[in-house]
Amino acid sequence: MTASAETPADTPIQAWAIDDIISLDPAEVFEFTASEILGNSYEGLIGYDVKDVSNIFGVLAEKWDISEDGKTFTFTVKAGQKFASGNPVTAEDAVCTLQRAVKLDKSPAFILTQFGFSSDTVDAKIRKTGDMTFEFEMDKPYAPTLVLYCLTATVGFIVDSALVKENEVDNDFGCNWLKTGYAGPGAFSIREWRANEVVVVERNGNYGGPAPAMARAIYRYIPEGATERLLLEQGDIDIARKLGPEEITALSSNPDIAIDSGVKG
């Protein structure tokens, strides 16, 4: 006789090839899987509608203004937002996040440095002007939409500067800790990542937006489509992310399984 614990209904299990994750630090992440996970656990200043990319809106930014010469954006951070730690989200966090990404100079740093920032100049060019306001001064005018779209990238996801600084070692800007740690304000907190095994996220009680319906979500490392199909049919997973055409065709006639498709943001 065997016994098994049933996964709660509010904890979906996804099967996916998550072996491309090398870090969970927004200043370092440039891989597809980690970018999706961070998209659910962090927030940036700016967002856009994946179904209408012309619809750009503020997320942690309440508003922004552009100087007459087109070189400087002044952002106002939305009041009342908190990180999962309970720390408030302020302009200091936004400034430190962007400065940190430039100084670390990891793979996605070019998204910011293309606007003229360098480790030597970024402290002067991205500067706090108030508790909830800061300036983003570029080397020359750029199309505003280009600047805003770039700030939607993971490198622009705002980190809890106080928490990151607490975990700095040898002036590493907290990078070694944040590879597996979490310092975000998103809908889900990253609870655990075990390389080539599992990622677990759980509902962030301090999230400023609508509470997610799911209490947590589990990503299991299962890279083979045939194995995912078997687990899906057995009810051991809820979502399969690596199915090939053969598996999709075979599952299409199963009334208990829905096949969904959509755009990727």
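Quick notes on this one:
- Among residues of region 133-188, those that are part of a strand (DSSP E or B) and more than 19 Å from residue 76 (Cα to Cα), counted: 1
- Any chance residue 244 is closer than 26 Å to residue 83 by Cα, in contact (Cβ under 8 Å) with a residue 12 or more places away in the chain and of a type outside the set (Lys, Arg): no
- Matching residues in region 36-52 - criterion: being in contact (Cβ under 8 Å) with a residue 40 or more places away in the chain and surrounded by fewer than 21 Cβ atoms within 10 Å (Cβ to Cβ): 39, 40, 47, 48, 50, 51
- Scan of region 72-116 for residues that are in contact with a strand residue (DSSP E or B) (Cβ under 7 Å, 6 or more places away or on another chain), farther than 20 Å from residue 35 by Cα and not polar (S, T, N, Q), ordered by number: 73, 75, 77, 78, 82, 88, 89, 91, 92, 95
Only the coordinates and a few stated rules stand behind these numbers; no lab work does. From a predicted model like this one, the values you see are computed outputs, not experimental measurements. Neighbour counts are summed over all protein chains in view; Cβ atoms, including those assigned to glycine, are modelled from backbone coordinates with ideal geometry.
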